Structure formats: C-alpha cells, structure tokens
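The values are calculated or read from the model by the stated rules, or taken from the named source; none is laboratory data. Everything numeric in this text was worked out from a predicted model, so none of it was measured. Here Cβ is always computed from backbone atoms with ideal geometry, including for glycine, and neighbour counts include all displayed protein chains.
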Amino acid sequence: MARAVRQTKVASIEQLSKNMKRITVTGESLMTFPDGFDGGYVKVLVPESLDDTVARSFTVRGFDTKNFNLTLDMVAHGDHGPAARWASNVSIGDLVNIQGPGACKRLNHDADWFLLAGDMTALPAISVNLELLPKDAKGYAVLEVISEEDRIELNAPDGVEVIWVIKPNPTALNSELSDTFTELPWMQGQVSAWVAGEFNTSRVLRRYIRHERKVERDFTYISCYWKIGETDEGMKAAKRNDIEPW
Ligand SMILES: Cc1cc2nc3c(=O)[nH]c(=O)nc-3n(C[C@H](O)[C@H](O)[C@H](O)COP(=O)(O)OP(=O)(O)OC[C@H]3O[C@@H](n4cnc5c(N)ncnc54)[C@H](O)[C@@H]3O)c2cc1C
C-alpha cells in the first residue's frame, strides 16, 4: 500500500442502516487518489489518545473522481475501539488522515459460479464485488448483519441469491453464517469463493473451501477483518501465528 498520508475532511455522514454509517471524505489530497480501487481498502488514522493516532482498515466503497469524494461504510460497534469511537462522534468538517489505497480483492470472473460470505465489515467489499459481476452470473451471497434493519439494498445479478443471517450480538461465537454457507447446494463447474469477516468464522469457511471443497487458490479470497476480543493489532498477530497461512 502507498504510505503517503492524505489529509481529508469529512464531507457527509449518513446513517446507511441501523448499525452502519456512511462517511464521505474529500480534499485536494484525493486529486491523486487512483480510480478503480472500489473494494480495495484505505487505512484511516483515527485518534487513539490526545496526541496519537492508530491505523484501521476500511473498504473503499466508492470514489467519485469528479469531486474527489471517497466513501467508507463503517460498522457502529459501540465505543470498543478507536475507529468505532471516531465514527460514532464524527462531524462534518472534521479532518482525518488516510493512507492508501491497498489492493482490491475481487472474485475471479473466469469462474462458472460465485459464492460470497461475510459480516457487516465485509459488506462494503461484497457490495462492490456483486456490482461488478456480469448480469448472467449465478451463485450465492451469505451476509451476516446485526439486525433486520441492516439489510441494505444490493445491486446483485438476478442469478445470485442473497441470504441474510441476523446475528444481534456480533461478539458472540456462533456458527450460523458458516452453517448456512456450508449447507448451500454446490453448483456444477468452477466456483470463485470470496470470504471475509470475523477471524473464527473465516477460519471455519477457509477449512471448508480449501480442504473440503478443494477450491484452488486462484479462485479464492479468504480473509479476516477483525477478531472477537482482540484489537486490530491482536487480530493481525493471530493471523501471523495461525497454523495455516491466510
Ligand atoms: C481489508 C479490510 C477492510 C475492512 N473494511 C471495513 C469496512 O469497510 N467497514 C468496517 O466497518 N470495517 C472494516 N474492516 C474491519 C475494521 O478494520 C475492524 O473492525 C477494526 O478492528 C475496527 O477498529 P476499531 O478501532 O473500531 O476496533 P479495535 O481497536 O480494532 O478493536 C476493539 C474491540 O472491538 C472489537 N471489534 C472490532 N471490530 C468489530 C466489529 N465489526 N464488530 C464488533 N466488535 C468489533 C474487537 O474485537 C475489540 O474487542 C476492514 C478490515 C480489513 C482488514
């Protein structure tokens, strides 16, 4: 990821759904922000203390190249982390530094069908991936959200069935998302699988996709975006120390 720091200003704030805020930032520094990174990520440098910041990753939901507006959708998960705190207190006009963008992780369009899964942290990237699919694409997207009111409208091809799983407490360990995913009918032909979200759930799905279904790496993106009980730094350490590489 490009390390240059871009200073931006919050241009708009919208309650996208009950537990998701859409925050758009803008600024001259975004005049050199590259086009085509929707679904990639930026690091947002949020205050950790009065005189220190910490970097947190958020997906580029969209970038308007005419007005240099960068849109991020952030899950409101209380005040348990610096980014969540920042998002819940943010005001229009606030300054915030970002770095990036980093790589886009896309479905492999050479596949015959598509399988996506994730929680609300992955919803922005999954939304982009669904929008980019050809109109005749088929498959499934399993999306875990905190409440019924977090089911947002998605621009998915008709042949991709969207299945919503409601999990009111995201920090409780349960297997509803992975159970729903692994019980889906397996279509014929080459699949492209895309999974991101909580560490433990992503690991279960990693085992299923790589080891049970033996999907080749070129046709998978499997990642974790956060970990129950760990800060972002703790999640990254767990990822590094995991017995199987991500
Ligand atoms: C490539 C990438 C893209 C991402 N894109 C997005 C995105 O578009 N939108 C988005 O909202 N998140 C996204 N995330 C996840 C986000 O970076 C993490 O949720 C991050 O931990 C939030 O930082 P924080 O400072 O709020 O909490 P931290 O300081 O990291 O953690 C504090 C506490 O909050 C808990 N926590 C962290 N995230 C959640 C959560 N979502 N729900 C419940 N508890 C949580 C932790 O377990 C910990 O106990 C992305 C992550 C990656 C790696």
(message) So, in the stretch 1-15, how many residues would count as being assigned to a loop (DSSP other than H, G, I, E, B) and over 20 Å from residue 231 (Cβ atoms)?
(response) 3
(request) Run down 223, 178 and say which single residue is within 16 Å of the ligand (Cβ to nearest atom), under 27 Å from residue 76 (Cα atoms), of a type outside the set (A, V, I, L, M) and modelled with pLDDT of 95 or more. (result) 223
(message) For the stretch 58-80, which positions are at pLDDT below 95 and within 6 Å of the ligand (Cβ to nearest atom)?
(response) 77, 80
(request) Give 81, 62, 100 a once-over and let me know the one that is of a type outside the set (A, V, I, L, M, F, W, C), surrounded by fewer than 21 Cβ atoms within 10 Å (Cβ to Cβ), under 29 Å from residue 219 (Cα atoms) and out of contact with any Cys (no Cβ under 7 Å at 6 or more places or on another chain). (result) 62
(request) Find all pairs meeting these conditions: Cβ atoms under 6 angstrom apart; at least six residues apart or on different chains; first residue within the stretch 123-148 and assigned by TED's automatic domain parsing to the domain that holds residue 198; second residue within 15 Å of the ligand (Cβ to nearest atom) and among the acidic types (Asp, Glu). (result) 124/73; 128/38; 144/119
(request) Of the numbered conditions (1) under 27 Å from residue 24 (Cβ atoms); (2) of a type in the set (Asp, Glu); (3) out of contact with any Ser or Thr (no Cβ under 7 Å at 6 or more places or on another chain), residue 150 fails exactly one; give the number of that condition. (result) (3)
(request) Say whether the condition of being hydroxyl-bearing (Ser, Thr, Tyr) and within 25 Å of residue 16 (Cα to Cα) is met by at least one residue in the stretch 172-192. (result) no
(message) Of everything in the stretch 13-40, what is among the hydroxyl-bearing types (Ser, Thr, Tyr), within 30 Å of residue 151 (Cβ to Cβ) and in contact with a Lys or Arg (Cβ under 8 Å, 6 or more places away or on another chain)? Give them in sequence order.
(response) 17, 26
(message) Please count how many residues of the stretch 41-57 are out of contact with any Lys or Arg (no Cβ under 8 Å at 6 or more places or on another chain) and near the ligand (Cβ under 8 Å from one of its atoms).
(response) 2
(request) Quick one: residue 80 ticks every box in (1) without any contact (Cβ under 8 Å) to a residue 40 or more places away in the chain; (2) within 20 Å of residue 125 (Cβ to Cβ); (3) touching a Ser or Thr at 6+ places or on another chain (Cβ under 9 Å) except a single one, so which number is it? (result) (2)
